[in-house]
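Below you'll find the structure, written out as structure tokens, and then a few comments.
FYI, it's all coordinate maths here, none of it is from the lab. Because the structure is predicted, anything quoted here is derived from the model rather than measured. Cβ placement follows ideal geometry from the backbone for every residue including glycine, while neighbour counts extend to all protein chains displayed.
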Amino acid sequence: MRGLRAVVLDTDGVITDSARVHAEAWKAAFDAHILEHPPQDPYQRRPFDVRTDYLQYVDGKSRIDGATAFMASRGLRTDGGLAEAVAADKERLFVQRLRAGGIDAYPGTVRFLQALRQDGIRCAAASASRHAGELLVHAGVMDLFEVLVDGTEAARLGLPGKPDPALFLEAARRLEVAVAQTAVVEDALAGVEAGRRGGFGVVVGVDRTAGRGNGTALLKHGADLVVKDLGDLLTEEAGT
């Protein structure tokens, strides 16, 4: 991370412990839809898996893109407003959980951000979620970022979703730092791929899963290094 002037971080699963809440909301929405519209193949009727299905099909993507990708993988129709209806159901469930509170920032990420601030490195949050700002405010970390580009801004600007790097490029543009001097931190496969496509100086993958395969997948999709927690980077820096 030495020599960089800025860092752009994804929100869900990187800054805040909200990826699990997104996954749970997706599961409830998808499982209900599968029960109502069961595929012909019995194997395709299995419940949504909050780990494997979430990481493969919806993590890091816009709601519509995520709903469409998963439904297509199960042979479910996505036309006629069906994908939009599932995405809207997921949104309703997630907002209920968000309003109930209890979604916090990861302590290691907070320490990492505070260290960056002390070193004069500029920070931005970038997320496909329209709730990113609300999450950061509730977690008490909004003041650690100079820039936020969320799903509302992405829609207003017509930015394509990940793995296109447009969201991250917009954040770097607002920070007024060249992408070669900017790091991207992501936990989603589509996100690290976006960072690599955008030509960012360093792409850091965050793997908070208990399994072994996701860290390898993050590296294959474009991460330069993978850590379990951003606090690990502080330990590595202190040891050099």
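General observations
- Karplus-derived HN-Hα couplings along region 131-143 (A = 6.51, B = -1.76, C = 1.60, θ = phi - 60°), whole Hz, x at Gly and Pro: 9, 4, x, 5, 4, 5, 5, 4, 7, x, 10, 4, 6
- About its Cα centre, the chain has a charge dipole of approximately 180 debye under the convention of +1 per Lys or Arg Cβ and -1 per Asp or Glu Cβ, with nothing else charged.
- Residues with amide H under 5 Å from that of Leu225, placed H, sequence gap 5 or more: Val203, Gly205
- DSSP bridge orientation in the chain - percent antiparallel, rounded to nearest 5: 5 percent
- Our estimate of slack between Glu146 and Asp119, defined as 0.36 nm per intervening residue step minus the Cα-Cα distance, is 8.3 nm.
- Cut-off under 5 Å, modelled amide H: who pairs with Val7 long-range: Arg122, Cys123, Ala124, Ala183
- Label-to-label distance, Gln40 versus Arg208, with points set 7 angstrom from Cα along the beta-carbon direction: 4.1 nm.
- In order through region 111-127: 3J(HN,Hα) via Karplus (6.51 cos²θ - 1.76 cosθ + 1.60), integer Hz, x for Gly, Pro: 4, 4, 5, 5, 5, 4, 4, 4, 8, x, 8, 7, 10, 9, 10, 9, 8
- Its DSSP H runs of at least 4 residues, each contributing -39,500 (n - 2.57), put the calculated 222 nm mean residue ellipticity of the chain at -14000 deg cm²/dmol, to the nearest 500.
- Using θ = phi - 60° in the Karplus curve 6.51 cos²θ - 1.76 cosθ + 1.60, the 3J(HN,Hα) couplings for region 39-44 round to x, 5, 6, x, 5, 6 Hz; x is entered for Gly and Pro.
- Point-charge dipole on Cβ atoms (K/R +1, D/E -1) for region 19-100, about Cα centre, debye to 20: 260 debye
- Relative intensity, log₁₀ I(q)/I(0), of region 19-100 from a Debye sum that treats every alpha carbon as a point, q = 0.13, 0.26 Å⁻¹: -0.34, -1.39
- Taken over region 99-183, the convex hull of the Cα atoms encloses 103 Å³ per residue.
- Averaging the sequence gap over all C-alpha pairs within less than 8 Å and six or more residues apart, then dividing by the number of residues, gives the chain a relative contact order of 24 percent.
- Placing R0 at 41 angstrom, the Cβ-Cβ distance between Arg92 and Asp232 gives a FRET efficiency of 0.70 after rounding to 0.05.
- Stretched out straight at 0.36 nm per residue, the stretch from Thr52 to Arg77 would grow longer than its current Cα-Cα span by 6.9 nm.
- Of Val185, Val226, Val50, the one that fluctuates the most in a GNM where the chain has Cα springs shorter than 10 Å: Val50
- In a fully extended conformation the segment linking Leu225 and Asp31 would gain 66.4 nm over its present Cα-Cα distance, using 0.36 nm per residue.
- For region 1-53, size of Cβ-based charge dipole, Lys and Arg +1, Asp and Glu -1, in debye: 320 debye
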